[in-house]
Structures are given as structure tokens and as C-alpha cells.
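Asker: Structure below; questions to follow.
The values are calculated or read from the model by the stated rules, or taken from the named source; none is laboratory data. This is a predicted model, so every value here is computed, not measured. When we count neighbours, we look across all protein chains shown, and the Cβ atoms used for this are built from the backbone with ideal geometry, even at glycine.
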Amino acid sequence: MQVRVVLRISLMSLALLFPFLVAPLAQAQSANEYVAGEIVIKLFNSADLPAVAGQYNLSLPPLDQFGTRPIYRLRMSDGADPQVKAEQIKPSGGGGDARVEFAEPNYLAQTPEGRRGRSRWVIGGDAGTYATQWTPQKLRLSEAHAISRGAGVVVAVLDTGVDMSHPVLAGRLVPGFDFVDFDAIPQEEGSAGVNAGYGHGTHVAGLVALVSPEAQIMPIRVLDRDGVGNIWVLAEGLRYAVDPDGDPNTNDGAGVINLSLGTLRRTQLLEQIVAEVACVNDDDNGDDDDDGDDDDDRCRTTGGAVVVAAAGNGGDSTPQYPAAEVVDGVVAVAASTRFDTLAGFSTRGSWVRISAPGDQVISTVPGGAYATWSGTSMAAPHVAGVAALLRAYQPGLNAIDVAQRLITTAQPICAPAPDRLDAAATLGLGTRPYVCSATAIYLPLTANPM
């Protein structure tokens, strides 16, 4: 489908600690984390679709097609398990149907806390505490803002939508899209205490705004009110982020994409689309993705979009995708604490390239309010915001250059945390000597991280 739309807590006053408890997420812990009855396939030739569908009991017409490419979302007419069906068509060991490049279930993608089945944010704070909390000083934002505030850069936030009328965000947004309801109003939906994802996108967007105050934000809703989506909708949102009007000759897309979400499954669909939006392996032959969509003009003009993704909240090294994709231009982000330690909940591992503040972070929530939340979902937008500062300051850098600069200028902190984001160093203002304090502690899991 092609869319054309122009368009640790340090205890403060107990009076501020008013938790919103969110009910368990029904969909998050299903036996199979994919959409029932659906499969995603990519053919080498679209003309083979009728025969392939007939052979494998796939219903036509397709539920959806990815633009004009031979990538389809299909419903199975025989009630088979999608994983079994995918292995039948294209076994993981190789071989299989020569007409099919890949076949995989339409896996769920969701906020990290969705997989935990719960969420909590602590209401409190105001515009002042939001601006003066611990994170700006830790990242040296005042130094960075002296030379760049992100003007002219668009950051796409693929999430649950945003509160479009929040004072911090109003006037900062560019047109986005809602791929859940399929309309041009990517508004946060749901209720606190009822829906696990409610407020997530607004909180994330507020952190982008804090770090990069003159960048614009493109809200793209790919997760429902419980913070759950799927790889098909996520792929659609990624493609929209870099080319909202469907014309690669117009420079109307985002230079930075924030993904505070993911799936535990590595999928070929997301791997291909993520590489495409970052302009990785651009072959400059008029068709860099070999799917009939000419992206070369966009890649030459923009240098691709930096993809910043939350590493996950498992507290172990289990990969979450797209953060763990082996794709240049993708930055996987762990969560650090105000004590420069790795947050106990944060996923870690050699594939996690950088850390950023993600423990007890204040940001915007629906209704014009502010709240504290924790998670790698909060860490990622700090990195995305600094990426926007860099792209505004040095617009000639491509997505791979920006990702590398973020990683190589990060500040070493207490092991085993990955080096922590340093906005001033990213912009060439040098690093500060740092010695991990002998009294620094490794924090345990804090309340229900995102």
C-alpha cells in the first residue's frame, strides 16, 4: 500500500507520586507473538502471486501490498499456524519455493513494557522540572545548544501517537499519519489506568523536544492504545517517515527516526526496510532496493535517516529488533541512570552501541501534564534528539556518519554500561574526564520501565 498524504528515584514530595497503574496487556503474552492467520511474503515476480497463493492456501486478493513491490500481507484460508506455513514455503534451513524471497508471520511489535504486561507512570512535575531535571546536565545540553538546537531537522516518532495539543508539542509538529486507524490524525488514544500504551508516544516525543528544541517532530502512529502493533504496520510507518508524499524527489521526510518499540523476532521485512530508509548499500543504479521504487534521489539529497531504537527492558542480552539489526545507520540504545550506571532493567550486549538517560525521566504526557517514566524507550529519544542537533549543525553528514559520531563520542561510564551519550562531544566540543565513583551502585529494576 502506498500512502499519499500531503499533509532512583530520589523521593520527592509524596504529593507528586500519583501512580497510574495500567491493566495487564492481553495481547502481549500470547502463545505466539504474531497476528493470527496472516503471513508476509515477498516474491521475486509479482506475476507468480496467483499460483503461490493457490498452492499454499492463501486468500486473494491480498490484505495489503507494500507499495508497488511484490511484498504482500496475506490471510491463510486453511487455518494453519503462520510459523508452520512460513516454514513450509521457505524453510529456515534454506531451499523452499524458488519464487519466494521470504515468508514470515506478521510478528507483533510493541513497547518494551508491553512484553512485560504492565506499565506505570508517576504523574507530577511541570515545565520547570521537565527542563531542569538531571538529564540535560548529564548530556551537556547547554553547551550543545550554544551551537545547535536542531533547526531544520525532522524527527519521526513511530509510537502510539502524541497529544497534539500539549503545550510542549503544539507548534512543533509536522503532518504525520495514523497507520492504526489509517487516517491523518496520529493522536494519542486511550485512557490512563486502562491502556498499557497510553501516553507512551507523548512522553517519547517530549524528550525529543527537550533535547532538540528547534527540531520538528513527525508523529506516526504504528502502535495501538495498548502499545502493540506488527511488523507490517511498522514497515509502512518507516517508509512514510522518509517519504511522506510518496515522491522521492521531494525532500519532505525525516532525517532521524525514533523507535521506542521492537520485536523479539528478527524479520527480513524490517531488515530490508530499515536498511532502505537509512540508505545503506545504496547502489546508485536507479533502484537501490531492487523493488521498483527509485530511492536514489532521496539518498543523494538526504543521506538517509538515522534509525535510533530502544534496546529493550529484559535486563539481559536478548536482542530486540530493529535495534539489533546489523545495519549501519541503526543505533541501539541502553538506559543509564543519574549515577552513570546501567539501569538494572536495561537490555545489554555487544550489539548495544550506546546508553542514554532512561531511569526516572520527566517528560510530557497527555492532557498537558508531565510524568516520570523509566525504560530504554526514554533513552532512545535522547539519542534521537542529539542526532537532530548534529544533522542541523553538519547537514552534509549521512545517516551512517551520524550514527558513528554518536557512538564514537559517547562518554565512558561505569561498566558494564555502554558509553553514554554526550551531546556536546557529539558536536565537537570535546569530552570531560570521567572516573567511575567507587560508591556508584548498580541499580536494581526500577518501577515498571517502558
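Asker: How many residues, within the range 319-341, are in contact with a Leu (Cβ under 8 Å, 6 or more places away or on another chain) and over 15 Å from T111 (Cα atoms)?
Answerer: 6
Asker: Could you tell me which numbered condition R338 fails, if it satisfies all but one of (1) buried (at least 24 other Cβ atoms within 10 Å of the Cβ); (2) farther than 20 Å from T267 by Cβ?
Answerer: Failing condition for R338: (1).
Asker: Looking at the structure I just gave you, is R420 at pLDDT 95 or above and surrounded by 23 or more Cβ atoms within 10 Å (Cβ to Cβ)?
Answerer: Yes, satisfied.
Asker: Which one of G227, G190, G199 is among the small types (G, A, S), over 17 Å from the mean Cα position of the chain (by Cα) and at positive phi?
Answerer: G190
Asker: Listed residues T364, T347, T337; which is of a type in the set (S, T, N, Q), over 22 Å from L210 (Cα atoms) and assigned by TED's automatic domain parsing to the domain that holds L259?
Answerer: When all the criteria are applied, what remains is T347.
Asker: OK, next. For T132, state whether it is out of contact with any helix residue (DSSP H, G or I) (no Cβ under 9 Å at 6 or more places or on another chain) and hydroxyl-bearing (S, T, Y).
Answerer: So T132 fits the description; yes.
Asker: Scan the range 165-186 for residues that are within 21 Å of M378 (Cβ to Cβ) and more than 17 Å from the chain's Cα centre (by Cα) and report the count.
Answerer: Number satisfying all stated conditions: 6.
Asker: Taking only the range 221-250 into account, find how many residues are touching a Lys or Arg at 6+ places or on another chain (Cβ under 7 Å) and either farther than 22 Å from N195 by Cβ or not assigned by TED's automatic domain parsing to the domain that holds D297 (or both).
Answerer: Qualifying residue count for the region: 5.
Asker: Listed residues Q65, Q55; which is surrounded by 16 or more Cβ atoms within 10 Å (Cβ to Cβ) and modelled with pLDDT of 95 or more?
Answerer: One residue alone meets the criteria, Q65.
Asker: How about the range 217-239: which of its residues are of a type in the set (D, E, K, R) and not in a loop (DSSP other than H, G, I, E, B)?
Answerer: R221, E236, R239, listed by residue number.
Asker: How many residues are buried (at least 22 other Cβ atoms within 10 Å of the Cβ), in a helix (DSSP H, G or I) and not hydrophobic (A, V, I, L, M, F, W, C) if we restrict to the range 240-271?
Answerer: 1
Asker: Follow-up question, since we're still on this one. So which residues in the range 323-379 are at positive phi and either in contact with a Gly (Cβ under 8 Å, 6 or more places away or on another chain) or polar (S, T, N, Q) (or both)?
Answerer: If the condition is that a residue be at positive phi and either in contact with a Gly (Cβ under 8 Å, 6 or more places away or on another chain) or polar (S, T, N, Q) (or both), then G329, Q360, G375 are the ones that fit.
Asker: So how many residues does the range 83-105 have that are within 14 Å of V35 (Cα to Cα) and either basic (K, R) or surrounded by fewer than 23 Cβ atoms within 10 Å (Cβ to Cβ) (or both)?
Answerer: Residues meeting the conditions: 3.
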